[in-house]
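Participant: Okay, handing you the structure first.
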Number of protein chains: 8
Amino acid sequence: MSNQPATVPSTPAEDAGGRAPLVGIVMGSDSDWPVMREAARALDELGVAYEADVVSAHRMPTEMIAYGEGAAGRGLRVIVAGAGGAAHLPGMLAAVTPLPVVGVPVPLQYLDGMDSLLSIVQMPAGVPVATVSIGGARNAGLLAARIVGAGEGAEAAALRERMVAFQASLRDQAHAKGA
Amino acid sequence: MSNQPATVPSTPAEDAGGRAPLVGIVMGSDSDWPVMREAARALDELGVAYEADVVSAHRMPTEMIAYGEGAAGRGLRVIVAGAGGAAHLPGMLAAVTPLPVVGVPVPLQYLDGMDSLLSIVQMPAGVPVATVSIGGARNAGLLAARIVGAGEGAEAAALRERMVAFQASLRDQAHAKGA
Amino acid sequence: MSNQPATVPSTPAEDAGGRAPLVGIVMGSDSDWPVMREAARALDELGVAYEADVVSAHRMPTEMIAYGEGAAGRGLRVIVAGAGGAAHLPGMLAAVTPLPVVGVPVPLQYLDGMDSLLSIVQMPAGVPVATVSIGGARNAGLLAARIVGAGEGAEAAALRERMVAFQASLRDQAHAKGA
Amino acid sequence: MSNQPATVPSTPAEDAGGRAPLVGIVMGSDSDWPVMREAARALDELGVAYEADVVSAHRMPTEMIAYGEGAAGRGLRVIVAGAGGAAHLPGMLAAVTPLPVVGVPVPLQYLDGMDSLLSIVQMPAGVPVATVSIGGARNAGLLAARIVGAGEGAEAAALRERMVAFQASLRDQAHAKGA
Amino acid sequence: MSNQPATVPSTPAEDAGGRAPLVGIVMGSDSDWPVMREAARALDELGVAYEADVVSAHRMPTEMIAYGEGAAGRGLRVIVAGAGGAAHLPGMLAAVTPLPVVGVPVPLQYLDGMDSLLSIVQMPAGVPVATVSIGGARNAGLLAARIVGAGEGAEAAALRERMVAFQASLRDQAHAKGA
Amino acid sequence: MSNQPATVPSTPAEDAGGRAPLVGIVMGSDSDWPVMREAARALDELGVAYEADVVSAHRMPTEMIAYGEGAAGRGLRVIVAGAGGAAHLPGMLAAVTPLPVVGVPVPLQYLDGMDSLLSIVQMPAGVPVATVSIGGARNAGLLAARIVGAGEGAEAAALRERMVAFQASLRDQAHAKGA
Amino acid sequence: MSNQPATVPSTPAEDAGGRAPLVGIVMGSDSDWPVMREAARALDELGVAYEADVVSAHRMPTEMIAYGEGAAGRGLRVIVAGAGGAAHLPGMLAAVTPLPVVGVPVPLQYLDGMDSLLSIVQMPAGVPVATVSIGGARNAGLLAARIVGAGEGAEAAALRERMVAFQASLRDQAHAKGA
Amino acid sequence: MSNQPATVPSTPAEDAGGRAPLVGIVMGSDSDWPVMREAARALDELGVAYEADVVSAHRMPTEMIAYGEGAAGRGLRVIVAGAGGAAHLPGMLAAVTPLPVVGVPVPLQYLDGMDSLLSIVQMPAGVPVATVSIGGARNAGLLAARIVGAGEGAEAAALRERMVAFQASLRDQAHAKGA
């Protein structure tokens, strides 16, 4: 497993092959990174290239919309967005991109993330956000990998195979922990 | 009390004196109007000019941001925004205007508006929304009137007087209902 | 817009071109169909082929697992699963397929779907479900279309274009409803 | 009171008499053992033989179903299953066995186990799970003992007597703590 | 399927063979019967003899305790107790009997049964109640049947077989509803 | 302010004048004493004699009912009962005494006392419990004092005077803390 | 049982003997009367004299405080106060009277009275409110009767006897409804 | 950024220019100051003069009403009120002043401030409170500044300019934290 840095990495992550990122990981504040880097870790494990950045719906709305509007054209195929409280980032990005957006409810000091969850998942008809569990950034990364792997072509098929192998490893680990 | 139309009025409301609107009432969908027109009614009662429009954070994000960015320059002094579910409109407007934004949690089919309330009130530090009760559009209108009346000058003072009189009328009505 | 039948259609839906389904819509009971057919409607609108079936985690677990294990091999690229209460169908399918699974919390008689939502979204690390809003089957269909459109190749690109056009139509409708 | 080991015991527990287990204690992850071993302790106190194992609904679904399908044939008479979050293990086991299944909502990092509780207790008609309190593994063990003691024959009657004595000891302890 | 009467039956139910009741169905008020008779129906379907009565923890506490203390001696093997709001009946009965007690949270006018659920399921260590879903009386009856079927002897084995057949019928019905 | 002992006092508390207790403070477990002794402290401050004891609804139901049935005859005028989780003690005592019963929801490890609150406050029509805030034992003591002071005669009038003085001291303390 | 009028009675209720009211029933709005008159009915049944009035914390705060400050001096011994939403009436009255105040959470259009309950029951240390169930005005009346009956003297003793008889009648009714 | 003292400052805060306070910051107890001083900090940053004091609705209701009734006459233009639990201070002040009142739900030991939030935001029609997030005193200060800046005249315009600059600084900080 790769080691994720303690702060949002200053340049888009690339694997050894220099591949362009397929997944954009964004968050409203760098204080969300300790949660969100688990998404990056999962993508590292599955060999999916990604970038990571701070994009705040509330503090830099114009840049946020520009990020969303440009994502598909830059070659991204999934956006993973984490936010807490009145968490508007995933839904606003979903409003300005045709790409699937995965939302991670980041728990804040109060309410155990229930506000974050409802603010992300209860989107109006027309603009979906693929919501994962409270603090579930690892699953957000895995979901992004499943989405990239659902496409056509050899790369997607290879990723699908790696996902099957990953699931088998979960089973083996569970076995090893049993009696 | 004025009669509010059954749909969002097609032009900005003006009182007989042709005054420019001081309050902008916006909502994510015209299905919110049966709730939101109570804000308009309250402003009519207090003699505060307003406009009303559909401005959706999720379906017309660019126009929504333009609305917020232009509001202060057009002479608006308060924005009243209603939205339901993952209700992003009040918070996004608050991000792009220096004006006070009053948020009305509109209840949808499920959860009794608790999702709308949390999505509006739990804003991050830096970007406040003045949230009223679930479905509380009348109070949103009254709050906007209090805000307009808090300013300097003769008009504000006169409005403040009308607010005092309005509060006295509440007391008189309550008395009349008692034994 | 196509008309969806009042019961789960008895054969996999195909469009005029006879294309094989890319999305599998499943639900725990045919009583979920009035909610879930909105997913089918959305896929019809976007021109994505799908199938629909009743697959109950609790009443036919063996068939449910077989459905999930065979889905990728049969050519499906996304599964949309709706369930209510202790809603186990989306998560169990996600455990046996490498495909992305979209979960729809179906509201039952009590609790307004909050039990359904938590049972679907709070999946453990390793097995993600892309959860949409309570009763949000239309968004589940749209999310499935975004996922299919995120892949490589001409068909995905064309679908992405249709999604962009669909989003523009949302904006136009919202405009038409405003003042 | 017996001392429970710090990890899931590697072989089925047996009492001195070498009796076959009547209760199967299973959990989704060995991280649930610190909660679930209280069920084992209670069964030790009441003299009911049991086995304990990790059986994950999400990471080893095929083995999980095999466990449930084989339980009655192997002589088990009750299954006690603990799980957290989107807790599917108790309900899935109940779907594949005619035995009573006792579900223990294990609390995770957020939501205080409310998600676990609703995911376990809100089962659809046809497939019951006997749910105990959040983190209530001790009561799950006691409930399993009551169930075993509810049957016909001398062993059940003897266990019922031990349960009566156990309840008397609760009363005596409460008395001793009073003034 | 048997037809349940509209009010709590005035004498203990017996099947054609005149068997003594094995399950006692009790509730705090006859207004709970429209919910609770589903437990009776399920036991009819599985061929398990039962009795039904109003036993209120709050309005006739002495009789309630007498009912619980005498239940095992009279030959009952399971108690099914339904109650709403501050629902104390299941837990109080569990305190005075060594038999397994199944609790049914009956939903009242407000709170959708969440108060009933927590009042029943959150029992302190030492006194378990086997809680089913809100309004889940049918599952309470099925759980009681599983418990009776978990015992030793030919009758229990025969009941276990009927439960297996019942589960198969659930599967067949689900199949018939699918495509 | 008197110092309360660290465990439930072993004999009924009496003031220097040897007056018989007017308030009975009971709790389900001595682990509730650190919360409940605040009720005793408040009664000490107001000069109201009380007794304190462990009386468990679930572990010693017969004694619990005897306590309630005998309370009025022994001269008690109010019962203060604390309990947590599925908190049945206050409601069961209210069922067997004509005295007012004050219920204190004791918070347990999970759910922040919400289960305790609903289990105590949501009593059925006919059997009221005077519920105070979660963990609010001090207010329970003050409420018991108000109740004793509401009666006729010189002692009640004197207690009412002490309550007025106590309220004035609250005001003075608040003033002292202000600017 | 007496018949309560459809609106708040215009003069204090008195029984045939012309006794001065001992209980004051107040509510924030006459729209609360359909809920609150059940308190009056209960007091009629128990033969306790009362008055009823509209006293709004928010619309006539000065009169509300005057009502509370004068209550004890006028001979009232208990105040029963109902309010909904941000329900401030019971707590504000408790702040200005040494009498026990019983609070009734009146459910409004949304949230099923949970906001009313928390606004009434979660009072700070120093100022207790005796809270009953959501919509539980009948229990509020019965609790007021218990409080009046807890005092010294012949009248209180007689009321206590009537309460015992009332509780016996509850038991008899429950018996009659049983089998 | 100014340093706020550890206790409520003993005299109204003034800036160097000796301006009279425009915002009154009040709270129910000095234990709320660690939360509420963030409102003072925000006003310091924006250059808005304020005063701070302890004004308890429950412990000094007469003074509380006097504070509210006199606020507008003393030149205040906004009141910021923080309170926890059954939080009545913001709503009671709003009942006796025509000024806009900003409410801060202060979280207490249990329930994470959900009781505080509902007690403040769910005000009845006629008496609005501008509610901010749980513990969101900083946003309360910023909202008060927006309100003061919404008025007419040069000072308001200058404050509006400072608010725009403040929002730009938020954006710059967010950028600096991104990649």
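Participant: Right, residue A:62: over 18 Å from residue B:91 (Cα atoms) and at the interface with another protein chain (Cβ under 8 Å from one of its Cβ atoms) or not?
Facilitator: Taking the combined requirement at face value, the residue does not satisfy it.
Participant: Just to be sure before I move on: is residue G:96 within 11 Å of chain F (Cβ to nearest Cβ) and surrounded by 24 or more Cβ atoms within 10 Å (Cβ to Cβ) in the structure I sent?
Facilitator: So residue G:96 fails the test.
Participant: Select, from E:55, E:78, the only residue that is among the β-branched types (Val, Ile, Thr) and closer than 20 Å to residue G:172 by Cα. Don't jump to the end; show me each part of the working.
Facilitator: Details: E:78 fails: closer than 20 Å to residue G:172 by Cα.
Answer to the check: E:55.
Participant: Could you check the stretch C:91-110 and list, in sequence order, the residues that are closer than 23 Å to residue A:140 by Cα, part of a loop (DSSP other than H, G, I, E, B) and among the aliphatic types (A, V, I, L, M)?
Facilitator: C:96, C:99
Participant: Shifting gears a bit: If you take the residues of the stretch F:150-161 that are over 12 Å from residue G:97 (Cα atoms) and within 19 Å of the chain's Cα centre (by Cα), which of them is nearest to the other protein chains (Cβ to nearest Cβ)?
Facilitator: Restricting attention to the stretch F:150-161, the residues satisfying the condition of being over 12 Å from residue G:97 (Cα atoms) are F:151-159.
Filter again for within 19 Å of the chain's Cα centre (by Cα), leaving F:151, F:156, F:159.
On the way: F:151: 2, F:156: 6, F:159: 9 Å.
The selected residue is F:151.
Participant: Quick check on my filter: what residues within the stretch H:111-123 are open to solvent by 10 Å² or more (accessible area, probe 1.4 Å) and of a type outside the set (A, V, I, L, M, F, W, C)?
Facilitator: Once the filter is applied, which keeps residues that are open to solvent by 10 Å² or more (accessible area, probe 1.4 Å) and of a type outside the set (A, V, I, L, M, F, W, C), the stretch H:111-123 yields H:112, H:122.
Participant: Are any residues in the stretch G:28-46 open to solvent by 30 Å² or more (accessible area, probe 1.4 Å) and either modelled with pLDDT of 95 or more or of a type in the set (Lys, Arg) (or both), and if so, which ones?
Facilitator: G:34, G:35, G:37, G:38, G:41, G:44, G:45 - these are the residues of the stretch G:28-46 that are open to solvent by 30 Å² or more (accessible area, probe 1.4 Å) and either modelled with pLDDT of 95 or more or of a type in the set (Lys, Arg) (or both).
Participant: Taking the stretch E:124-147 on its own, how many of its residues are within 14 Å of residue D:143 (Cα to Cα) and open to solvent by 10 Å² or more (accessible area, probe 1.4 Å)?
Facilitator: Selection size over the stretch E:124-147: 2.
Participant: State whether one or more residues within the stretch E:42-61 are charged (D, E, K, R), more than 11 Å from the chain's Cα centre (by Cα) and farther than 30 Å from residue D:166 by Cα.
Facilitator: Scanning the stretch E:42-61 turns up at least one residue that is charged (D, E, K, R), more than 11 Å from the chain's Cα centre (by Cα) and farther than 30 Å from residue D:166 by Cα.
Participant: Checking residue E:59 against (1) open to solvent by 40 Å² or more (accessible area, probe 1.4 Å); (2) at pLDDT 95 or above; (3) basic (Lys, Arg), only one condition comes out false. Which one?
Facilitator: (2)
Participant: What is the number of the single condition among (1) among the aliphatic types (A, V, I, L, M); (2) closer than 26 Å to residue F:128 by Cα; (3) touching a helix residue (DSSP H, G or I) at 6+ places or on another chain (Cβ under 6 Å) that residue E:79 does not meet?
Facilitator: (2)
Participant: Then there's this: For the stretch A:135-146, how many residues are more than 7 Å from chain C (Cβ to nearest Cβ) and more than 11 Å from the chain's Cα centre (by Cα)?
Facilitator: 1
Participant: Out of the residues in the stretch A:66-90 meeting the condition of being assigned to a loop (DSSP other than H, G, I, E, B), facing another protein chain (nearest Cβ under 8 Å) and open to solvent by 10 Å² or more (accessible area, probe 1.4 Å), tell me which one is farthest from residue A:139 (Cα to Cα).
Facilitator: Among those residues, the one meeting the criterion is A:72.
Participant: Here's something else I'd like to know. Please verify whether residue F:96 is touching a residue at least 24 places away in the same chain (Cβ under 8 Å) and under 12 Å from the mean Cα position of the chain (by Cα), treating the condition exactly as stated.
Facilitator: The answer is no for residue F:96.
Participant: Oh, and also: Cβ-Cβ under 6 Å, sequence separation 6+ or interchain: first residue in the stretch G:117-131 and more than 7 Å from chain F (Cβ to nearest Cβ), partner among the hydroxyl-bearing types (Ser, Thr, Tyr). Which pairs?
Facilitator: Here the result reads G:119/H:119; G:120/G:131, each pair linking the stretch G:117-131 to a residue that is among the hydroxyl-bearing types (Ser, Thr, Tyr).
Participant: Could you list, in sequence order, all residues of the stretch E:103-127 that are touching a helix residue (DSSP H, G or I) at 6+ places or on another chain (Cβ under 7 Å), over 14 Å from residue F:117 (Cβ atoms) and of a type in the set (Gly, Ala, Ser)?
Facilitator: Residues satisfying the conditions are E:103, E:125, E:126.
Participant: Tell me, yes or no, whether the stretch D:9-21 has at least one residue that is surrounded by 19 or more Cβ atoms within 10 Å (Cβ to Cβ), within 14 Å of the chain's Cα centre (by Cα) and over 30 Å from residue E:168 (Cα atoms).
Facilitator: The answer is yes, given that some residue of the stretch D:9-21 is surrounded by 19 or more Cβ atoms within 10 Å (Cβ to Cβ), within 14 Å of the chain's Cα centre (by Cα) and over 30 Å from residue E:168 (Cα atoms).
Participant: A further question follows. Among (1) within 16 Å of the chain's Cα centre (by Cα); (2) in a loop (DSSP other than H, G, I, E, B), where does residue D:127 come up short?
Facilitator: (1)
Participant: Residues in the stretch A:132-179 that are in contact with a Gly (Cβ under 7 Å, 6 or more places away or on another chain), without any contact (Cβ under 8 Å) to a residue 40 or more places away in the chain and either assigned to a helix (DSSP H, G or I) or under 19 Å from residue C:24 (Cα atoms) (or both): how many?
Facilitator: Going through the stretch A:132-179 one residue at a time, the tally reaches 5.
Participant: Looking only at the stretch F:148-158, which residues are surrounded by fewer than 24 Cβ atoms within 10 Å (Cβ to Cβ), at negative phi and not charged (D, E, K, R)?
Facilitator: Scanning the stretch F:148-158 gives F:151, F:154, F:156, F:157, F:158.
Participant: Being open to solvent by 10 Å² or more (accessible area, probe 1.4 Å) and touching a residue at least 12 places away in the same chain (Cβ under 8 Å) is the filter; apply it to the stretch H:99-110 and report the residue that is farthest from the chain's Cα centre (by Cα).
Facilitator: H:108
Participant: Okay, next question. Condition first: small (Gly, Ala, Ser), within 17 Å of residue A:107 (Cα to Cα) and within 9 Å of chain H (Cβ to nearest Cβ). Now tell me which residues in the stretch A:22-59 satisfy that.
Facilitator: Listed by number, the residues that qualify are A:28, A:29, A:31, A:56.
The values are calculated or read from the model by the stated rules, or taken from the named source; none is laboratory data. The shown structure was predicted, so the numbers you read here are calculated from the model rather than taken from an experiment. Methodologically, a virtual Cβ is constructed for each residue, glycine included, from the backbone with ideal geometry; neighbour enumeration extends over all protein chains shown. Accessible surface areas use protein heavy atoms only, side chains included; no ligands, DNA or RNA. Shrake-Rupley method; radii C 1.70, N 1.55, O 1.52, S 1.80 Å.
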